[in-house]
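Computed from the coordinates by the stated procedures, all read-outs in this text should not be read as laboratory data. Given the structure is predicted, the values throughout are model-derived calculations rather than measurements. No Cβ is skipped: glycine too gets one built from the backbone with ideal geometry, and neighbour counts run over all protein chains shown.
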Amino acid sequence: MNKEKNESEFSKLSFEEALEKLEEIVRDLESGNVSLDDSVRYYEEGSKLMKFCEKKLTEARMKVEKVSGINEIKELEATNLD
């Protein structure tokens, strides 16, 4: 259930908002002023945010490739090499 809550919470974020939260977590962890328990919690949240951002970037890349026809170009190049 906690996993579902986190996924729905992140799904409401834009890529930029998620990235900003991730950068904030990194700054807090790098400061060294965070307890061990909080560090573990921040690390877990940061890991989930990173996966969310990677997913958003992959989706965006796929849309750009579809619009620009990159996949068709790659297929044509592969066919021409044969």
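Hey, how much of the P(r) for segment 29-69 falls beyond 13 Å, as a percent of Cα pairs?
63
Given the Cα-Cα distance of GLU24 and LYS55 and 0.36 nm per residue of separation, how much length would full extension add, in nm?
My answer for the length gained is 9.2 nm.
If I model a spin label as a point 7 Å beyond the Cα along the Cα-Cβ vector, how far apart are those points for LYS66 and GLU44 in nm?
Computed distance between label sites LYS66 and GLU44 equals 3.5 nm.
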